[in-house]
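A quick write-up on the structure given underneath.
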Amino acid sequence: MKNIFKTLALSAVVAMTLTACSKPDSVKSKDVNKIKVLQGAEQCALPGEKFTKLLRIELLGKQEAGLLGGKGERPPVSKVKVLFVPVDGSDLKLSRTSAVSDAGGSVSVQVTAGRKTGDQYLRVIAKKKSVLIRFVTGVSISGGNQESRTGQLMHDPLIVKVVNSDGKAAKGVPVYFKLTSAPAKSKAKLQKNCVVTNDEGIAENNLKLGKKTGEYNINIEVADVKNNYHIRGINVRELGLSFWSVVISVLGGLAIFIFGMKQMSDGLQKVAGEKMKQILHFFTSNRFVAVFAGAFITAVIQSSSATTVMVIGFVNAGLLNLFQSIGIIFGANIGTTVTAQIISFKLSGLALPAITIGLLVMFFKHRMAKGWGETILGFGLLFFGMSIMSHELKMLGVFPSFINFFQSFDCTSVNGVMPIGAIMGAIGIGTLMTVVIQSSSASMGIVLALAGGGLINFYTAVPLIIGTNIGTTVTAVLASIAANKHAKQAACAHCLFNFSGAIGMMILFYIPWGPNNVPVFMYFINSITGGDVFAAVPQNIVRHIAMAHTFFNVFNVLLLLPFIGIIAKICSIVIPVSDEKAVKIQALEPHLLDTPSIALEQAVQSIRYMVKEAWSMVDSVITDHFIKIKVDEEEFEKLMIREDEIDTLQEDITEYLVQITRRELSDEQAGLVPLLMHCTNDAERIADHTANIITLTKRLAKSDQKLSEGGQEEINILWQILKDQAQNVVKALHGTDSDKVHYALRDEKKINKLVDEYEKNHIKRLQDGKCNALMGVIFIEMLAEMEKIGDHLCNIAERAPQIQSQYVSLG
């Protein structure tokens, strides 16, 4: 209970602190620093007709910095009286001549054209600020804002209708068309530069779009000197779309983004060193430290999926228990938000300099320098890829087809209620996107790019964030499929945590807060981040999304941290373990290969086991069978099965070490691999001698003769020395006593000396008739077997100091 109260108290303090330090409420601000026209300017209409769009303007205050980063945005100014005044004899008609700005600082008014043709002006006044807005009467334009395929004529022609003040068609009036802007080198071309209106007052033209996606702006000017008819340039926008070029550009930007993220991760790992990843093993003494470890590691390697997979591997290898793994998984969800925070700062201008500097630094041979070079290069590539994606998606932000698609799962609150269908659709898209890309950080990059391009709003972005969190659990589930039940429980905990957070956030969607009934979580994010994300034109939306991503995961951790024990219990119920002894610990865990220091530790542990097991087999066959001349086929069969297992283990260890060599290793790690391979081969050969000794035992048992008393005594003496050597080698390999290596080598010299001496003694016994030839052959072969075993033990002992000097055990 104490931990629960501590967590809740910490949450309250954080919330109160951030709220107290948040930006000033827009309602309290009365200083208008800027009037922004949101829509309705530069419209055309025929005399007496309403202009199609309402005139909407937004009042903004001085630019204010956000609490947690960014240069900030201008806050909206509410409760300010706005005046609408026609000027220069304009006869525009207004639905109202004054209005008061709402909570979002916006004001709207319907404008109707009068009888005067030509340019008409309306002045908008708010306190000391004003802005002049142009309307055009006597002209209507259709065919603008079309979306057509690049390289072709627009679907519909551009039609300009000109009338006089009495509403009758203006015949014979020249209308001039000029292409003012187009994507670079697109080669767009107008059919005609000047068209004279026909009897119906219509001038028709068309545009062949260029080959590049983007906006094509046409300036239309009506000029008739004879009739004193002049309307200065009216801008009409057309849209050209090359679908596959957009797809290639977006995917290319995403690929560069992901590659940059990996480069930055690899570089930081080199800088931090291998001990950085060992934090996962060391810093798990309690839940709080485990969360910190998970967050720190994920922030460095830039992937919660990689951290979670590593944790699954640790659990499968028996290096972590379920309770410890849950804390690290919690932390990983916080650490993964660092990527979105980095992206949300407008640092794309540093991309190319960072790529240049990083590449130059990478030419240094020093490992640390190369690590920094990779980090800087990755940073630059990350922002370069992000800028490519953002540029393409920002262009698509004005295309009706794309706008309509994203509006199909628009989660904007209606009367304080977010549509549940749209929420589930957005969550599903976020989940699918992360499952396909296999990176929640990359998915967040796409979400930020979509928001920056104006294709999604904050209401939609938050459910997409929830989807990315759910999607990232798939990686852990896939990693646990071939693992033991404890690892599956860890994957289950990851799913339980992320799904619980998603459900909690969905509940918060339906708890309104503030004067506009905004969901409470979104209101909180908006209150601590510069700019108003709920304004008519969302301000600082990318920073808001990054903050939402961070606090969503932080709040989930704070809420569920006291209940780690309960989560572990639930996972144990969902995936029960009936017999702990039956749970197979996979020492040579493939998911640990990307952590060479720990993978090498697992290889060393396996070799230690292999040496002990091989010696145990030799000990069993000599002590229980050869010396006692006892043949037990059942026991022999078991020993041969164990020998096959040793052969398999040798293959597994060798293959694992080969896989390790394919990773980037330090010089010390690279030097350790051949030593371990030699030790593996020696251990396997020790086990092979078991079969030879079994054969000698059977031959000895079949004979009516026995070894001479002298021969038996010599075998026993040699056996005792060999046992002492084996015990010294096992201890030396564990690094528990450095003197054991010296003792093992000393025993080897004794064995070699005694074997020579005993062979001479045997020849003398043969000459004296104390031993027959058959027993003599068995005796000599047994001496050879024991000498060879001693040689293999000696080889392992000689390498043990090098293994210990180049490798510090984590256990």
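The values are calculated or read from the model by the stated rules, or taken from the named source; none is laboratory data. Note that the structure is a prediction, hence the values are computed from the model and not measured. Note that we place each Cβ from the backbone using ideal geometry, even for glycine, and neighbour counts take in every protein chain shown. For accessibility, only protein heavy atoms count, side chains too; no ligands or nucleic acids. Shrake-Rupley method; radii C 1.70, N 1.55, O 1.52, S 1.80 Å.
Just give me the residues in segment 431-450 being in contact (Cβ under 8 Å) with a residue 40 or more places away in the chain and more than 13 Å from ILE258 (Cα to Cα), in sequence order.
THR431, VAL447, LEU448, ALA449, LEU450
For the subset of segment 200-244 comprising residues that are out of contact with any Ser or Thr (no Cβ under 6 Å at 6 or more places or on another chain) and among the polar types (S, T, N, Q), which member is nearest to MET386 (Cα to Cα)?
ASN235
Can you find, within segment 752-772, the residue that is least open to solvent (accessible area, probe 1.4 Å) among those that are free of Cβ contacts under 8 Å to residues at least 40 places away in the same chain and touching a Leu at 6+ places or on another chain (Cβ under 7 Å)? Outline the logic, then answer.
Step one: of segment 752-772, the residues free of Cβ contacts under 8 Å to residues at least 40 places away in the same chain are 752-753, 755-757, 759-760, 763-764, 766-769.
Subsequent filtering for residues that are touching a Leu at 6+ places or on another chain (Cβ under 7 Å) retains 755, 759.
Details: VAL755: 2, GLU759: 68 Å².
In this case the residue turns out to be VAL755.
Identify the residue in segment 335-374 that is hydroxyl-bearing (Ser, Thr, Tyr) and either part of a loop (DSSP other than H, G, I, E, B) or buried (at least 24 other Cβ atoms within 10 Å of the Cβ) (or both) and, among all such residues, is farthest from the chain's Cα centre (by Cα). Show your work before the answer.
Filtering segment 335-374 down to residues hydroxyl-bearing (Ser, Thr, Tyr) leaves 336-337, 339, 344, 348, 356.
If we keep only those that are either part of a loop (DSSP other than H, G, I, E, B) or buried (at least 24 other Cβ atoms within 10 Å of the Cβ) (or both) too, we end up with 336-337, 339, 344.
Values: THR336: 6, THR337: 9, THR339: 8, SER344: 15 Å.
Among those that are hydroxyl-bearing (Ser, Thr, Tyr) and either part of a loop (DSSP other than H, G, I, E, B) or buried (at least 24 other Cβ atoms within 10 Å of the Cβ) (or both), it is SER344.
Step by step: first the residues of segment 401-430, then only those that are closer than 26 Å to THR529 by Cα and among the hydroxyl-bearing types (Ser, Thr, Tyr), then the one that is most open to solvent (accessible area, probe 1.4 Å). Which residue is that?
It comes out as THR412.
Go through segment 681-718 residue by residue and tally those that are in contact (Cβ under 8 Å) with a residue 60 or more places away in the chain, more than 22 Å from ILE751 (Cα to Cα) and not in a helix (DSSP H, G or I).
Count: 3.
The rows are residues; the columns are (1) over 19 Å from LYS788 (Cα atoms); (2) at pLDDT 85 or above.
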residue: SER606; (1), (2): yes, yes
residue: LYS612; (1), (2): no, yes
residue: THR623; (1), (2): no, yes
residue: GLU655; (1), (2): yes, yes
residue: THR661; (1), (2): yes, yes
residue: GLU664; (1), (2): yes, no
residue: LEU675; (1), (2): yes, yes
residue: ASN681; (1), (2): no, yes
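I'd like to check something: does segment 744-751 contain any residue that is of a type outside the set (A, V, I, L, M) and crowded, with 20+ Cβ neighbours inside 10 Å?
Checked segment 744-751: at least one residue is of a type outside the set (A, V, I, L, M) and crowded, with 20+ Cβ neighbours inside 10 Å.
Quick check on this structure: which one of GLY151, GLY105, GLY143, GLY89 is surrounded by fewer than 17 Cβ atoms within 10 Å (Cβ to Cβ), modelled with pLDDT under 95, at positive phi and under 47 Å from the mean Cα position of the chain (by Cα)?
GLY151
Within segment 202-214, work out how many residues are closer than 17 Å to SER142 by Cα and open to solvent by less than 70 Å² (accessible area, probe 1.4 Å).
Residues meeting the conditions: 5.
Go through segment 653-680 and count every residue that is crowded, with 16+ Cβ neighbours inside 10 Å and part of a helix (DSSP H, G or I).
Selection size over segment 653-680: 13.
Filter segment 620-668 down to residues that are closer than 30 Å to ASN716 by Cα and among the hydroxyl-bearing types (Ser, Thr, Tyr), then give me how many there are.
Residues in segment 620-668 being closer than 30 Å to ASN716 by Cα and among the hydroxyl-bearing types (Ser, Thr, Tyr): 2 in total.
Quick one: what pairs do we get from segment 102-116, first residue in contact (Cβ under 8 Å) with a residue 40 or more places away in the chain, second β-branched (Val, Ile, Thr) and surrounded by fewer than 17 Cβ atoms within 10 Å (Cβ to Cβ), C-beta under 9 Å, 6+ apart or different chains?
Pairs that qualify, where the first residue is in contact (Cβ under 8 Å) with a residue 40 or more places away in the chain and the partner is β-branched (Val, Ile, Thr) and surrounded by fewer than 17 Cβ atoms within 10 Å (Cβ to Cβ), are ALA103/VAL27; VAL107/VAL100; VAL109/THR97.
Do you know which residues across segment 190-225 are part of a strand (DSSP E or B) and farther than 30 Å from GLY453 by Cα?
Listed by number, the residues that qualify are CYS194, VAL195, VAL196, ILE202, ALA203, GLU204, ASN205, GLU221, VAL222, ALA223, ASP224.
Does segment 320-334 contain any residue that is of a type in the set (Phe, Trp, Tyr), in a helix (DSSP H, G or I) and either open to solvent by less than 50 Å² (accessible area, probe 1.4 Å) or under 25 Å from ALA461 (Cα atoms) (or both)? If you could, list the steps in order and put the result at the bottom.
Kept after step one, since they are of a type in the set (Phe, Trp, Tyr), are these residues of segment 320-334: 323, 330.
Subsequent filtering for residues that are in a helix (DSSP H, G or I) retains 323, 330.
Next cut, either open to solvent by less than 50 Å² (accessible area, probe 1.4 Å) or under 25 Å from ALA461 (Cα atoms) (or both) only: 330.
Yes, some residue in segment 320-334 is of a type in the set (Phe, Trp, Tyr), in a helix (DSSP H, G or I) and either open to solvent by less than 50 Å² (accessible area, probe 1.4 Å) or under 25 Å from ALA461 (Cα atoms) (or both).
Residues to consider are SER620, SER597, SER578; find the one that is assigned to a helix (DSSP H, G or I), among the small types (Gly, Ala, Ser) and over 31 Å from the mean Cα position of the chain (by Cα).
Going through SER620, SER597, SER578 in turn, the sole match is SER620.
If you go through segment 250-270 one residue at a time, do you hit one that is at pLDDT below 85, surrounded by fewer than 22 Cβ atoms within 10 Å (Cβ to Cβ) and touching a Lys or Arg at 6+ places or on another chain (Cβ under 8 Å)?
Yes, some residue in segment 250-270 is at pLDDT below 85, surrounded by fewer than 22 Cβ atoms within 10 Å (Cβ to Cβ) and touching a Lys or Arg at 6+ places or on another chain (Cβ under 8 Å).
Say whether the condition of being free of Cβ contacts under 8 Å to residues at least 60 places away in the same chain and closer than 20 Å to GLY331 by Cα is met by at least one residue in segment 475-497.
Yes; the residues of segment 475-497 include at least one that is free of Cβ contacts under 8 Å to residues at least 60 places away in the same chain and closer than 20 Å to GLY331 by Cα.
Please give the number of the condition VAL604 fails out of (1) in contact with a helix residue (DSSP H, G or I) (Cβ under 9 Å, 6 or more places away or on another chain); (2) of a type in the set (A, V, I, L, M); (3) in a helix (DSSP H, G or I); (4) farther than 30 Å from GLU664 by Cα.
(4)
Applying the selection to segment 222-244, what residues are open to solvent by 40 Å² or more (accessible area, probe 1.4 Å) and either at pLDDT below 90 or farther than 26 Å from GLN152 by Cβ (or both)?
Those that are open to solvent by 40 Å² or more (accessible area, probe 1.4 Å) and either at pLDDT below 90 or farther than 26 Å from GLN152 by Cβ (or both): VAL225, LYS226, ASN227, ASN228, HIS230, ARG232, PHE243, TRP244.
In the set MET395, MET389, which member is touching a strand residue (DSSP E or B) at 6+ places or on another chain (Cβ under 9 Å) and under 21 Å from ARG149 (Cα atoms)?
MET395
Run ALA293 past the list (1) closer than 22 Å to GLY371 by Cβ; (2) at pLDDT 80 or above; (3) among the aliphatic types (A, V, I, L, M); (4) open to solvent by 20 Å² or more (accessible area, probe 1.4 Å) and report the number of the one that doesn't hold.
Exception for ALA293: condition (4).
Could you tell me which of the residues ASP156, ASP166, ASP199 is charged (D, E, K, R), surrounded by fewer than 18 Cβ atoms within 10 Å (Cβ to Cβ) and touching a Gly at 6+ places or on another chain (Cβ under 6 Å)?
So the residue among ASP156, ASP166, ASP199 that is charged (D, E, K, R), surrounded by fewer than 18 Cβ atoms within 10 Å (Cβ to Cβ) and touching a Gly at 6+ places or on another chain (Cβ under 6 Å) is ASP156.
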